[in-house]
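Colleague: For reference, the structure I am asking about is given below.
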Amino acid sequence: MRLDLVSSEPRARLLRWTCLLGLAAVYLLSLRAYYVGFFNDDAFYIIGARSLLRGGFRELSAPGEPPLLNYLPGYPALLAQWSWFFGESLLAAQILSVIMTVAGVCLTWACFSAELPPAVAFAAAAVTGFNPLTVSMSGTVLSDLPYLLMTLLVFIAARAVWDRQSARGWAGLGALAGAAFLIRPTGAALGTALVLCLLWERRWRAAAWAAAGAALLAGPWLLRNIWAGGVPLSHAAELAEPWRTTSALPGLLERLARNAAYYAPELFWRTLFRWPQGPISVLKWLTVGLGLAAVAAGLRGWGSRGWRKLLTVYLLVYAALHLELHLQSGRYVFTALPMCVVLLFLGVAAADRRLGLKGRAVWAAAALSLALSLAPVANVVRTSLWRHTPLNTPPARTLAWIKSGTAPADLFAAELDGRLYLLADRHAVRLRKLYDPEGLRSWLRDAGVAYVLLAPTDYFMTTISGATAHDPMPLDRLRTLLADGRRYCRVFADAAEGTEIYRVR
């Protein structure tokens, strides 16, 4: 049987639908891997969607509903359209995420099946769809999912227009890259890579049309941000922040080393080859080393002919951005996963040919990855269905007290302000890192804060230094400041949920 997911052969068609329906079932069973609001970003995407349905793009969670600046409008616009048809429930948003995850597997095949040997293409699609990272993220309301779809669509469109001389085609491809940017700021890497590749080929007019198409989509949004907030893109501050807190070259080298030591195991160890836990650090780094060697061989085999150079340059730009960034997250691996998996299996196929294994190495590597994913995926499903953890269960008692013990007009200060608004329907501002008692008191008073919520920050995305404006305020320091009984009064505490609420006197 030929493993061709687009073949008209009945058995191949049956295999295709069986795999996709099986993946969809696993994703649906894993909806509670994270509760909606856990990341805080997901809460703001929903807030943005609800605001768009009301005719604006505003921060509904904050007093006065100022313009929403820290989140791009692409994903909220998609959520708004979905919500218009299927309602604003959180479950409906999660179902959209499952559909997008399945679509991502389909687009992985559609993008690469014509470029790769059938075994490599099938292995890449299967491993992309079935691994702990994809399964756990499949029900999250995060922009990573639509951004991955847009990335694959840009590659598919690039393959279609690369050998043409159509100004309309290049402008459209640039606009598609601009649309990806409106979903995630990382989308700037797509537009940058596209223009660089065309300049590499000395196709000056095509590069100009592509840049114009991207600017046509992204430019109005950047101008709106300048008008509303004074800066075109607040995310640029995340890239600039490390240069303010550390000396340039030593700080850069430290970030590169730490991020490389984080992302290599995150990709090859935790995501693609999740060996059972134990004292096997040698096996861990052997897996990472072999994975990196396979990807390097895959890059060589992939080459730079035609549109293929776009994938290579994009991955280099994408990797450079995240190796320099002072924030770390497995989510950043997810949005580059299909491309990395394709290169991994291309490298394995190259070794297979040298050793004369007739494709067995590719199937063995794919089977090993899928087999090693069985236990962690089963754990994700079990946790989703029957267990209660801080990741998949919101602090119900805390939220119930907020709803019953405070007035709808009361303003909260909290680290995760979007989550609080989404789950408790109370306006909130994010806590500022103020260690001076008078400074904190003045800020709370000027902002009109009635209550301060302390919640665990164990899973908060932090920077390498832990001392930037993006990091949460240490709870012990904040608790000490709020212990001043003349200014604050603790009105609620739940040791099991790790929360405390203080009223500002």
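Please treat every number below as a calculation from the coordinates, not as lab data. What you see is a predicted model, and the numbers here were worked out from it, not measured in a lab. Please note: Cβ atoms are built from the backbone with ideal geometry, for glycine as well, and neighbour counts cover all protein chains shown.
Colleague: Quick one: order HIS326, HIS235, HIS388 by neighbouring beta-carbon count within 10 Å, fewest to most.
Modeller: HIS388, HIS235, HIS326
Colleague: Here's another thing I want to ask about it. First measure r as the distance between the Cβ atoms of LEU53 and ASP425, then evaluate 1/(1 + (r/R0)^6) with R0 = 22 Å and state the FRET efficiency to the nearest 0.05.
Modeller: The formula returns an efficiency of 0.85 here.
Colleague: What is the calculated FRET efficiency for ASP494 to LYS284, with r their C-beta to C-beta distance and R₀ = 35 Å, to the nearest 0.05? Before the final figure, lay out each step's value.
Modeller: Numbers: r = 38 Å, r/R0 = 1.08.
That gives a FRET efficiency of 0.40.
Colleague: May I ask you to derive the relative contact order of the chain, considering only C-alpha pairs under 8 Å and at least 6 residues apart, and to give it as an integer percent? Intermediate values should be presented prior to the final figure.
Modeller: Numbers: 725 pairs, mean separation 87.4, N = 505.
After rounding, I find 17 percent.
Colleague: Among CYS106, CYS340, which comes first, then next, by fewest other beta-carbon atoms within 10 Å?
Modeller: Lowest count first: CYS106, CYS340.
Colleague: Here is a further query. State the Cα centre-to-centre distance between the stretch 392-408 and the stretch 149-170 in whole Å.
Modeller: Distance between centres, Cα-based: 49 Å.
Colleague: What length, rounded to one decimal in nm, is gained on full extension from ALA25 through to ARG486, with 0.36 nm per residue of separation minus their alpha-carbon distance?
Modeller: 160.4 nm
Colleague: Rounded, prolate or oblate: which fits the chain, taking a ≥ b ≥ c as square roots of the Cα gyration tensor eigenvalues, rounded meaning a/c under 1.5, else prolate when a/b beats b/c?
Modeller: It comes out prolate by the Cα gyration axes.
Colleague: Sticking with this structure for a sec: Provide the FRET efficiency to the nearest 0.05 for the LYS358-ALA160 pair, computing r from the beta carbons and using R0 = 35 Å.
Modeller: That pair, LYS358 with ALA160, gives E of 0.60.
Colleague: Turning to a different aspect of this structure: Relative to the present Cα-Cα distance, how much length would full extension add between ALA447 and ARG479 at 0.36 nm per residue of separation?
Modeller: Working it through step by step, the gained length comes to 9.6 nm.
Colleague: Oh, and also: Could you pull out every one of the aspartates and glutamates with an alpha carbon less than 14 Å from that of LYS284, ignoring same-chain neighbours closer than 8 positions?
Modeller: Hits, sequence-local ones excluded: GLU266.
Colleague: Using Cβ counts within 10 Å as a stand-in for footprinting exposure, how do ILE402, ILE95 rank, fewest first? Walk me through the intermediate numbers first.
Modeller: Values: ILE402 22, ILE95 17.
The fewest-first ordering by Cβ neighbours comes to ILE95, ILE402.
Colleague: Same structure, new question: Which residues does a label at LEU222 reach in the stretch 165-181, if reach means a backbone N under 13 Å from a point 7 Å past the Cα toward the Cβ?
Modeller: Answer for the stretch 165-181: 178-179, 181.
Colleague: Here's another thing I want to ask about it. Count the net charge of all other residues whose Cβ sits under 15 Å from the Cβ of LYS284, scoring Lys and Arg as +1 and Asp and Glu as -1.
Modeller: Here the count lands on +1.
Colleague: Return the calculated 222 nm mean residue ellipticity for the chain, to the nearest 500 deg cm²/dmol, obtained by summing -39500 (n - 2.57) across DSSP H runs with n ≥ 4 and dividing by the residue count.
Modeller: Counting only the DSSP helices, I get -20500 deg cm²/dmol.
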